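The values are calculated or read from the model by the stated rules, or taken from the named source; none is laboratory data. No experiment lies behind these values; they were computed from the predicted model shown. Counting neighbours? That spans all protein chains shown, and the Cβs are built from the backbone with ideal geometry, glycine included. Keep in mind that these areas ignore ligands, DNA and RNA; they rest on the heavy atoms of the full protein, side chains included. Shrake-Rupley method; radii C 1.70, N 1.55, O 1.52, S 1.80 Å.
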Amino acid sequence: MTPLTLTADTAGIRPVKSRARRTAWVPTLVLVLGALYCLVPIAWVVMAATKDRSELFSTFTFAPGTGFFDNLSELTAYRDGIYWTWMGNSALYAGFGALLSAAVSAGGGYALGRFAFRGREVIFKLILAGVLVPSIVLTVPQYLLLSKLGMADSYWSMLLPSILSPYGVYLVRIYAAAAVPAELLEAARMDGASEWRIFSRIAVPMMMPGLITVFLFQFVAIWNNFLLPYVMLADDTKFPLTLGLYTLLAQGASQPALYTLVITGCLLAIIPLIALFLVIQRFWSLDLLSGSVKA
């Protein structure tokens with residue numbers, strides 16, 4: 001009894017493979033072009049921050065200059081170091097705002113994802129509607145409200161609008177429904193654990209990757225926010241980096257020497273974000289790995 005052999009039309013398969021090989025470079029090319037589109041401006045800022053005034057305005061090249069430390073010292077000396085005051089304000093607004101937003105999102109998302117109560121779906125749909133509303137639309141109403149309360153031009157006028165993030169609540173709600181098993185919560189209740197203990201000791205550790213994501217998104221959004229401080233703040237000692245660098249840039253029209261300070265300040269402003277991404281990526285990996293081991 002002879003074995004059954006299957007034959008294929010190799011002449012028809014080879015053209016398909018050759019066409020796939022010829023077009024395989026297209027996605028790679030698109031990714032490379034996208035990376036260049038994002039990285040070329042950053043590379044220019046890095047190179048421009050190393051140039052003095054004559055080098056910056058005489059040539060437009062990516063070659064490094066010799067004036068970085070002079071620019072840094074001038075930026076530090078400008079108005080008794082107000083740039084570092086702006087840096088501290090940005091760290092305060094973004095750090096506390098993102099931390100409080102992650103905490104509120106944790107409580108709201110967990111309640112919506114793991115408790116059944118009347119009106120839950122209505123609240124969730126309202127939160128979805130809040131995700132669709134651009135934050136720029138809410139800036140003026142927030143200013144009018146805080147102005148009535150006497151909080152305009154204060155640190156609270158920057159922190160309070162940043163605490164509630166509809167997207168953060170939505171993300172944690174989805175993550176809690178998927179990552180926190182209802183059976184585990186019921187077992188903890190049967191063992192006599194209180195709801196606060198269940199939330200803080202069981203739910204929060206299991207939701208930590210989602211909470212870190214909310215913290216990261218909110219931190220970057222607050223750090224890069226321009227319109228809210230532009231509307232809320234009048235005292236330049238309370239300005240964040242975005243608004244402070246904007247004022248330097250506006251003054252550069254009459255004082256071109258300030259352009260080097262603006263570029264150097266922009267370079268220093270992105271370093272905390274890069275450091276944050278690197279640090280949080282480590283905790284991200286640990287949380288995901290620990291979650292996979294527990295599962």
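Annotations for the structure displayed:
- Put the Cα centre of the stretch 27-92 next to the Cα centre of the stretch 222-245 and the gap is 20 Å.
- Ligands, DNA and RNA excluded, the heavy atoms of ILE174 present near 70 Å² of accessible surface to a 1.4 Å solvent probe.
- Calculated from backbone phi, Karplus (6.51, -1.76, 1.60) coupling profile of the stretch 186-198 in Hz, x at Gly/Pro: 5, 5, 5, 5, 5, 7, x, 6, 6, 5, 5, 5, 4
- Distance distribution P(r), the stretch 55-193, all Cα-Cα pairs, bin width 10 angstrom from 0: 10, 23, 24, 17, 16, 7, 3, 0 percent.
- Full extension of the chain between THR247 and TRP25 yields a length gain of 75.4 nm, computed as 0.36 nm times the residue separation minus the alpha carbon distance.
- Rounded to the nearest 10 Å², the accessible area of CYS38 at probe 1.4 Å: 80 Å²
- Protein-only accessible surface order, largest first, of MET151, MET207 at 1.4 Å: MET151, MET207
- Accessible-area value, MET208, 1.4 Å probe, nucleic acids and ligands omitted, Å²: 60 Å²
- For the stretch 145-237, the spread of Cα coordinates along the three principal axes comes to 55, 24, 20 Å, biggest extent given first.
- Calculated P(r) of the chain - Cα pairs past 27 Å, %: 60 percent
- Counting Lys and Arg as +1 and Asp and Glu as -1 over every other residue whose Cβ lies under 15 Å from the Cβ of ILE123, the net charge comes to +4.
- Backbone phi angles across the stretch 85-92, fed through the Karplus curve with coefficients 6.51, -1.76 and 1.60 (θ = phi - 60°), yield HN-Hα couplings of 5, 4, 4, x, 5, 4, 5, 5 Hz in residue order; Gly and Pro are listed as x.
- Remark: the stretch 189-268 projects, on average over all directions, an area of 8.1 nm² (convex hull of Cα atoms).
- Against the criterion of solvent-accessible heavy-atom surface with a 1.4 angstrom probe, LEU36, LEU56 sort, most first, into LEU36, LEU56.
- Neighbour count of at most 11 Cβ within 10 Å plus DSSP loop: longest chymotrypsin sites (Phe, Trp or Tyr not before Pro)-free window in the chain: 118-295
- Computed P(r) (all Cα pairs; the stretch 51-136; 5 Å bins; percent): 3, 10, 11, 11, 11, 9, 8, 8, 8, 7, 7, 5, 2, 0
- Summarising the amide proton neighbourhood of GLY67: residues at separation of 5 or more, or on other chains, whose placed amide H is nearer than 5 Å comprise LYS51, ASP52.
- With all protein chains in place and ligands, DNA and RNA left out, the 1.4 Å accessible area ranks VAL220, VAL180 as VAL220, VAL180, largest first.
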